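Report on one structure; see the data block that follows.
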Amino acid sequence: MDNYKEVEGKRVHDHRFGKNTMSTLARCIWVPCPVIIGAGPSGLAVAACLKERGIPSLILEKANCIASLWKLKTYDRLRLHLPKQFCELPFMPFPANFPTYPTKTQFVAYLELYKNSFGLDPVFNKTVVSAEFDDQCGFWRIKTLGLKQEKTEYVSQWLIVATGENADEVVPRIDGMDDFGGPILHTSSYKSGLLFRGKDVLVVGCGNSGMEVSLDLCNSNARPSLVVRDSVHVLPQEMLGKSTFGLSMWLLKWFPVRLVDRFLLLVSRFMLGDTEKFGLHRPEFGPLELKNRSGKTPVLDVGTLAKIKSGNIKVCLGIKRITHRAVEFVDGKKENFDAIILATGYKSNVPQWLKEADMFSEEDGMPKEAFPRGWKGERGLYAVGFTKRGLLGASFDAKKIAEDIERQWKAEATNFMPYIHPLTSS
């Protein structure tokens, strides 16, 4: 353990830190390389980019596995919504035998292969309870709790936040929820429609997850209804034999956003018909302009719209209140349901643990600077995977962060000793 300073079970005073590093019965570890919070795709991507430049890192993950959102909180039928070439992480494409839209299982297998290929070794079951820059010593202090509530503090010059946009479920409070008397679950707990066969199920939320869960329920012989409170762009997943996303990216090289939006909406109208007739009202701005303005992603239809047109999936307006086994809507209608599924999305949890007010917004936990400038903060703080641009955005961040840290790493190389992973040192 010559490479970092660790003292367990007593207070530590070190001239580099200027004050006691941890309370009694805690463990303090000096990490002479970047600390990455989160072992999802973003965390793995930035660790790989650093390693390609000869820079080690320490990844801390609260779950017991990589990509915990994908492994533990997604439904069985999930596939990547974009073609695999737009979802690959830096330096490693998907296997050639994978389909254009890999399944959840295939994507997780790709991430495991990615981790192993780059020799990444996250420290699991470490929940970060706080991370704060210590002005006195000039380093970041990252305090964690383990499975048995054991405390560990990591001290580093660099902190990379990779917990992402989807760290915590968004669970709205709806009047009367406690009176429903049946299951109300977030999509993070939904696996398959087979459990709801023959049931009347209300899906709240009309994003990609809400649409896909409704389709899964319908295919499992449940009777789903879909709450569409806001306007939404529904586009075909493919246009003119190409992925809608890929076609959009190609057109944007030659034409302005608004002209590409007009093209997308014209082709969508031809392929899908007028979605307004089925209660799916389009927003004022086109799909790409809306994405740039608000981060709201258009729905890429994988068959849900056909079920809506046929009446197998009912579209409902916003909820006014919930009663016992029933829901009253804002238009005055009232219908009975056996279960409610909240496809209400996720949010960043950064403000809960990062004690810093300059880089991240307290309101939504996202970087205050918009893409492509949101990856870098002050005093060695970085963010990866907060671009609202999926895995492409995370890869962009990862490369920029690695480039930036490499410049500092080379400049200060003489001050660093060889790094050995804390769990493998003795």
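Taking residues in segment 109-131 that are without any contact (Cβ under 8 Å) to a residue 40 or more places away in the chain, and partners anywhere that are of a type outside the set (Lys, Arg), the pairs with Cβ atoms closer than 6 Å and at least 6 places apart or on different chains are Tyr110/Phe94. Taken over segment 332-356, the criterion of being closer than 18 Å to Val129 by Cβ and open to solvent by 60 Å² or more (accessible area, probe 1.4 Å) is satisfied by Gln352, Lys355.
Taking the criterion of being open to solvent by less than 30 Å² (accessible area, probe 1.4 Å), not in a loop (DSSP other than H, G, I, E, B) and not hydrophobic (A, V, I, L, M, F, W, C), the residues of segment 368-405 that qualify are Tyr382, Gly393, Ser395, Asp397, Asp404. When Leu240 is tested against the conditions (1) open to solvent by 50 Å² or more (accessible area, probe 1.4 Å); (2) at negative phi, the lone failure is (2). Among the strands (runs of 3 or more DSSP E) confined to segment 167-264, the ones with at least 1 residues that are in contact (Cβ under 8 Å) with a residue 24 or more places away in the chain and of a type in the set (Ser, Thr, Tyr) are located at 223-227. In summary, Asn292 fulfils each of the numbered conditions (1) open to solvent by less than 60 Å² (accessible area, probe 1.4 Å); (2) under 27 Å from the mean Cα position of the chain (by Cα) with the single exception of condition (1). Only a single item in (1) under 24 Å from the mean Cα position of the chain (by Cα); (2) buried (at least 19 other Cβ atoms within 10 Å of the Cβ) is not met by Leu280, and it is number (1). Report, by residue number, each residue of segment 243-274 that is open to solvent by less than 80 Å² (accessible area, probe 1.4 Å) and more than 16 Å from Glu289 (Cβ to Cβ). Residues satisfying the conditions are Ser243, Gly246, Leu247, Val267, Leu272, Gly273, Asp274. Take segment 302-330 and flag every residue that is open to solvent by 30 Å² or more (accessible area, probe 1.4 Å) and part of a strand (DSSP E or B). Across segment 302-330, the qualifying residues are Lys314, Val315, Ile319, Lys320, Arg321, Thr323, Glu328.
Restricting segment 70-119 to residues that are open to solvent by 30 Å² or more (accessible area, probe 1.4 Å) and of a type in the set (Val, Ile, Thr), the residue that is farthest from Thr187 (Cα to Cα) is Thr100.
The residues listed here are Val129, Val201, Val170, Val161; of these, the one that is closer than 29 Å to Leu82 by Cβ, β-branched (Val, Ile, Thr) and loosely packed, with under 15 Cβ neighbours inside 10 Å is Val170.
The values are calculated or read from the model by the stated rules, or taken from the named source; none is laboratory data. Keep in mind that what you see is a predicted model, and the values were worked out from it rather than measured. Every residue, glycine among them, receives a Cβ derived from its backbone with ideal geometry; neighbour counts consider all protein chains shown. The area values use the complete protein model at the heavy-atom level, side chains included, leaving out ligands, DNA and RNA. Shrake-Rupley method; radii C 1.70, N 1.55, O 1.52, S 1.80 Å.
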